[in-house]
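Single-structure report; data block below.
Here, each number is a calculation from the coordinates, and none is a lab measurement. As the structure is a computational prediction, the values presented were derived from the model and not from experiment. Using ideal geometry, Cβ is built from the backbone for each residue, glycine included, and neighbour counts are taken over all protein chains shown.
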Amino acid sequence: MLGMAFTMFAGFWTDWLWYRSVHYSSVFTTTLWTKIGLFSVFGLLMAAAVGFNIWLAHRLRPPLSAMSMEQQSLDRYRMGIAPYKKWLLLAVTALVGLIAGASAAGQWRTWLMWVNGVPFHQQDPQFHLDVSFYAFDLPWYRFLLGFGFATAILSLIAAALTHYLYGGLRVTSPGARATGAATGHLSVLLGLFVALKAVAYWLDRYGLAVKSSDFKATDNWTGLRYVDANAYLPAKTILFCIAVICALLFFATLWRRTWQLPVIGFGLMVLSAILIGGLYPAIVQKFQVQPNEQAKEAPYVQKNLKATREAYGIDDTQVSEYTGKSTTTDKTKLRDDVDDTASIRIMDPNIVSPTFQQLQQMRNYYAFPTNLDVDRYTKDGKVQDTVLGLRELNLAGIPKNNWINDHFRYTHGYGVVAAKGTEADDQGQPVFTESDLPSTGSLGTFQQRVYYGEKTTTYSIVGGPQKEIDYSDDNGEKTTSYQGKSGVSLSSPINRAAYAVAFNEPQILYSGAIGEGSRILYNRTPKERVEAVAPWLTIDGDAYPAVVQGRIQWIVDAYTTSNGYPYASRTTLGDTTADSLTATNNSRAVVAQQNQVNYIRNSVKATVDAYTGAVKLYQWDTEDPVLKTWMKAFPGTVQPKSAISQDLMDHLRYPQDLFKVQRELLTRYHVTDAQTFLTGSEVWQVPDDPTNNSGDAVPPYYLSMKMPDQSAQAFSLSTTFTPNGRDNLSAFMSVDSEAGSKDYGKIRILKLPTSTTVDGPKQVQSKFNSEQEIAAAIKLLKGGDSEVEYGNLLTVPLDGGLLYAEPVYVRGAGVKYPLLRKVLVTYEGKTAFENTLDQALDKIFGSDGTDTGSSDTGTTTPPTSANPTVQQALDDAQKAFEAGQEALKKGDWTAYGKAQDELQDALKRAEEAQSKAGKAGGGTTASSSPSPAASSSPSPSGSPSPGASASPSG
């Protein structure tokens, strides 16, 4: 018993110490006292109600002389409980009180939102009540109603059992079934139950505005439809009146002492509920709505359209018509426009993490995240898209795992690694702007130790007598001792005992490695920390690091949500934010996966210091009433927007999860006309990721680009849409992600005409894979043990058309990390597959004075199948490559060198033949000859061979 009590104390005490250490103790105390208050009040109310009715039933028992034979047979039970009546009464009331109190304590969010709710200053179109009634008030009223029903039912059961036990009720005996006292008592309880049902009918009227239902126009339809407004709404009003009358009839039994009228009234209420509440709406739906559904439903659909667009922040979406076809005849003039329109990122952050790992890991006990991040940094006075990741601690890579090493010696990661997003070197490797250990480069001087990160999921004990491994270089290991104020002090024996119990680790209590100054660090991932200090927020799935004012800061986007916005259709966050990245990386999934919401705002930007773990919450949406409500409930926890420094502002961006929710809604809600919405003719879909066969949605991509109505590039988040059930492109969507700019958060959609067909991402990828010369090149790149990986397929609007760009990576034999080998570019049906982005763009736009091929077919001219010389050369190249791989396996470097010479010669012949064929046809091909499989072949030293990085044309 004592051990259980200390275990409970340890959990409470360690939580209190942690919240105090991060300076959010008010969150802990507010939440705790709210739970205690609700537990106490509603637990006592339930216990008092049940206990009072048991006492009253016992008090109203008939005299023993009047008892029937049936009741006399219960004497042994009465005799058995007689000595323990008080204790039994206390036990029953305490049990129901504990259950009710625990249930009520779980409603602390509902209570705080009700008592602190602020108005939305927007009214619903049906009842003309402020939205705050549905978001803050109605959930609390429903909880009270549910509590009332539970109290009435439990009191009724307890009273009935007591009356039966003491003779007030009879089951098998002849004569009256109940005494007058029992009849009056039970009828009052039944009257209370029916009165609560009347209140439920009245609240159900308002509940229709936030009720979800099946409707062919959209999934998770919310709000009133024709049948709701014209059948269910009057039915609920009628049922309310009937229930009030029925309740009065039950109360009247106090005087009449007969069940006749209440039973008739209750039967009438049940029959009315079936006929008026069920049958009548079905008749209206069948005979009034279905014959003319569009006309009947249109006014209600219009309300749903307006409310949904407002609730998800998509009501100001700018939809523009876009031809999808270039208007410039001379495409060479567009070459310079490409660089002006977009900074095309060829370093895919979701592909190159193993490359960062191989080239910049330095030690096995460091690791990079599976998916790197994209941010903006200034180099040489120019802001450029940058791919970066932190060198975090990887306990699986330490030389020997034991308690001291895992928790005292290896405690933190070290440094930032960053690379240009738009460039690769001649080996296909990233062009690092910050690298090595310690990190050096363009980011300047900053605190490089990473004690808090996405991969830091275990506790560490720092600052004591045990030194920590800082980093290793050519001069050996460097050690350090944590100087931050983060974590909880272990100097107190009580603290040590509490953490020994909480973490189930007895050594914390007596280990000599813990001493003066020792502090325990835990809850170390950015999402964990923000969620803990702000449990009323929903956390974005992708926290990202930024170097801000000499510190590494994790930036976490957080959302306020509600499922009580009238008429706004609901969505499940876990479903709408899923894509091909979250399918392979669960840490990217939004925390509240199964939460159904119909209102969302990115109201808070949070930061977590990678060294100190300090958490700061900043108000981002200054108009959001949900955030204002929580700020009233937890005063002082959220700093004003003005507290955001300019350096931090430069790294804030539009969050991906919010964007994915909005794009999913915009597949239907981009239309504003109810008739079009009902026909479903304009329904779009988010295409599957064309770069893999997962069948999951394509993720949105960050890049700096300029939309047609913009004067300069802006950091943006973009995606594409295709028609429902088809693969051609229907629209392109982009949101301005440049925090601090006047257009931040502005959603732009370029809508393509339905009368013409423009290739969508899947079709572009398919044509790319089926292009004969490109397919031959890919086949060579895949030779041996090499693997080809396709990077992000980026879409850029250009001169009325759409430019697609996709980097192609190769994991070569013996080099098990991806290197950029080729870049695919397509525009207006013309395709280029070159070693660099510039070369591919030059080919597409003919900047070298050549024709880029036929725009009608989208294939190169002439195809290899029509040129036997080219095909023979490629066959020879393939044979030479295979011979080289075989020689490599045998360790025959002479044969390997000979095969490499033959490979280069075959590729040179292929290009010369291809070039001659192009001139004979009036131009060159849009696709270069395959730059060799040698690009994926190792040299004897294990690195790519020197000649492998460039094609013969280079």
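Summary table below
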| read-out | value |
| --- | --- |
| In Hz, Karplus ³J(HN,Hα) per residue of region 682-694 (6.51, -1.76, 1.60; θ = phi - 60°; x = Gly, Pro) | 10, 6, 10, 8, 7, x, 5, 5, x, 7, 8, 9, 6 |
| Dipole magnitude (debye, nearest 20) for the chain, charges at Cβ of Lys, Arg, Asp, Glu | 5220 debye |
| Rg/Rh for region 713-774, where both radii come from Cα atoms and Rh is the Kirkwood radius | 1.12 |
| Cβ-based net charge around Tyr410, under 15 Å, with every Lys or Arg adding one and every Asp or Glu removing one | +4 |
| Kirkwood Rh, angstrom, region 327-374 [1 / mean 1/r, Cα pairs] | 13.6 Å |
| Sorted by Cβ density within 10 Å, fewest first, the residues Thr151, Thr317 | Thr317, Thr151 |
| Gain in span if fully extended, Gln675 to Ala513, counting 0.36 nm per residue against the direct Cα distance | 51.1 nm |
| Cα centroid separation - region 184-203 against region 771-830, whole Å | 70 Å |
| Cα-based helix-to-principal-axis angle, 893-920 vs the chain, degrees rounded to 10 | 90 degrees |
| Value of [θ]222 nm, deg cm²/dmol, for the chain, DSSP H segments ≥ 4, -39500 (n - 2.57) each, nearest 500 | -12500 deg cm²/dmol |
| Over 27 Å between alpha carbons, listed pairs Lys35/Lys616; Lys420/Lys641; Lys779/Lys843; Lys420/Lys843 | Lys420/Lys641 |
| Integer Hz, Karplus 6.51/-1.76/1.60 couplings in order for region 818-826, x for Gly and Pro | x, 10, 6, 10, 9, 10, 9, 9, 10 |
| Antiparallel bridges, percent of DSSP beta bridges restricted to the chain (to nearest 5) | 95 percent |
| Ranked list, fewest to most other Cβ atoms within 10 Å of each Cβ, for Thr831, Thr572 | Thr572, Thr831 |
| Order of Ile283, Ile276 - criterion: other Cβ atoms within 10 Å of each residue's Cβ, fewest first | Ile283, Ile276 |
| Estimated distance in nm for a label pair at Ile36 and Met8, the labels positioned 7 Å out from Cα along Cα-to-Cβ | 1.4 nm |
| Shape box of the chain [Cα atoms, principal axes, largest first, Å] | 119, 81, 54 |
| Region 295-436, Cα convex hull volume normalised per residue, Å³ | 240 Å³ |
| Average silhouette area of region 525-652, convex hull of alpha-carbon atoms, in square nanometres | 8.4 nm² |
| Pairwise label distance in nanometres, Asp336 with Asp474, each label 7 Å out on the Cα-Cβ vector | 4.7 nm |
| Evaluated at q = 0.09 Å⁻¹: base-10 log I(q)/I(0), Debye formula over Cα of region 344-524 | -0.38 |
| Column: log10 I(q)/I(0), Debye, Cα scatterers of region 179-311, q = 0.15 Å⁻¹ | -0.76 |
| Charge tally in the Cβ shell below 11 Å around Asn394, where Lys, Arg are +1 and Asp, Glu are -1, Asn394 excluded | +2 |
